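What follows is a single structure, written as structure tokens, with notes after it.
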Amino acid sequence: MLRMFLKLVPLLFLFLGAAQAQRTTQDVFMMQYFQRRLQELEERVIRCDQDLQTVNHKMYDVSAEVRGQLRGVTALKTEMQGHMENLALRVDRVERDVEYLQNKIPELSEVEIAESVLEEQVKEAKEKKKAAIPQNKDCSSQLTGIKSQKIVKKAGDLNGSWMRDPTKGSSRIYFFSGSRNRTLLEFVSMKTFTDTNWTRMAEAILLPLPWQGTGSVVHDGFIYYHHADTRNEVLKVHLLNRTVVDRMLLPGAGRMPAYGLSPHTLLDLAVDEMGLWAVHADPDFGGNLVLTKLDSNSLSVEHTWDTTCKSDEAEGAFIICGTMYVVYNSQSGGRSTIKCLFDIHDTLLTEEVPSIYFPKRYTSHSGMQYHPKEKQVYAWDDGYQTTYKLDLKKKKQAT
């Protein structure tokens, strides 16, 4: 019995070993199967991630293309708005001209009126053709030359403007430093302005909104200036209480600098014996200057003239008795010269008036304001505050 048991023991161990080997082989097969499945899943995840990246790139490209098209549409919209504004301006001018011509042309029923009456009407029509604004009898001056130059001082930025209020007969000086600012300085007199401690003697006037360019003016107790960051808005601010009392959009202005050598000034305001004026350049008119008469009380446009004076290489302009004198120079700086003028009454022509030269100076004027009572120009010459006494003579009346 014991001998038989001993024979069975090796057989038992052999059977157990074979069973264990079979289980080990099955486990290896299962592990290999799971590894293959995991590898297949990993490859699928990688392909899916690649597909997502491809889709994202395509979506980005489509988004960029849409943004570009939107920018193009916005640019076209802005351009169309500019064209529409210009068209409206042109239509308004044509309507005014047609109305003006209709007022001049007699009705057919009046063709058979007396010859003397007809001659009188023709004469009247010629008078009206000179200008929409009648010539002021008290304003009979025309510029013939620069009598003298005086450099008052050097202060502030390279660009700016300074002036007096001509309507008040005041001795106060108004100092606009820079082509963009919100604070101007007021001095009680020229003596205070030229004093050594001039900054301590100045009164700082904080405007409600900043100005742009060097075309600001002080007129009858109000400050008129181009509102910064707008194309063509003109503000009227009360000098004492610093509030905006009126504003207007100057038709056609602000699309290019008024003067080629003063790129910071999109529109220039001026005062003469006849009141308030505005000057700007029109790209649709070959870059020529456009002169506009404004009502200083309501800021409404009284009349507009397209002039033959070029804005290219111009540095500034001023107006005397309804005649605009345009000052030219060169990019490198030199001697300023009046080479073009425009008289709204047609009593003066550029070709009939010789070029007027300014005394030798520094570089270029950035601001020029005429004072009707003093008969001189307050100029800003590369940071130098300068005055020019003018040589004037009686202006012939329109015939």
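A few remarks follow.
- Single unsatisfied condition, residue 224 versus (1) out of contact with any Asp or Glu (no Cβ under 6 Å at 6 or more places or on another chain); (2) surrounded by fewer than 24 Cβ atoms within 10 Å (Cβ to Cβ): (2)
- Near pairs, Cβ below 8 angstrom, 6+ apart or cross-chain, from region 384-399 (crowded, with 18+ Cβ neighbours inside 10 Å) to any residue that is modelled with pLDDT under 90 and among the aromatic types (Phe, Trp, Tyr): 384/362
- Lone qualifier among 234, 290 - being within 20 Å of residue 318 (Cα to Cα) and touching an Asp or Glu at 6+ places or on another chain (Cβ under 6 Å): 290
- Flag for residue 334 being within 18 Å of the chain's Cα centre (by Cα) and more than 16 Å from residue 377 (Cβ to Cβ): no
- Conditions (1) outside any loop (DSSP other than H, G, I, E, B); (2) surrounded by 17 or more Cβ atoms within 10 Å (Cβ to Cβ); (3) touching a residue at least 40 places away in the same chain (Cβ under 8 Å); number of the one not met by residue 237: (3)
- Of the numbered criteria (1) without any contact (Cβ under 8 Å) to a residue 40 or more places away in the chain; (2) within 20 Å of residue 162 (Cα to Cα), the one residue 254 fails is (2).
- Test: residue 279 is touching a strand residue (DSSP E or B) at 6+ places or on another chain (Cβ under 7 Å) and over 20 Å from residue 85 (Cα atoms): no
- Flag for residue 248 being more than 23 Å from residue 159 (Cβ to Cβ), at pLDDT below 95 and aliphatic (A, V, I, L, M): no
- Among (1) under 18 Å from residue 224 (Cβ atoms); (2) surrounded by 15 or more Cβ atoms within 10 Å (Cβ to Cβ); (3) modelled with pLDDT of 95 or more - the single one residue 274 does not satisfy: (3)
- In region 159-186, the residues that are surrounded by fewer than 16 Cβ atoms within 10 Å (Cβ to Cβ) and under 22 Å from the mean Cα position of the chain (by Cα): 180, 182, 183
The values are calculated or read from the model by the stated rules, or taken from the named source; none is laboratory data. Owing to the predicted nature of the structure, the values given are computational and were not obtained by experimental measurement. For neighbour counting, all protein chains shown are included, and Cβ atoms are generated from backbone atoms with ideal geometry for every residue, glycine included.
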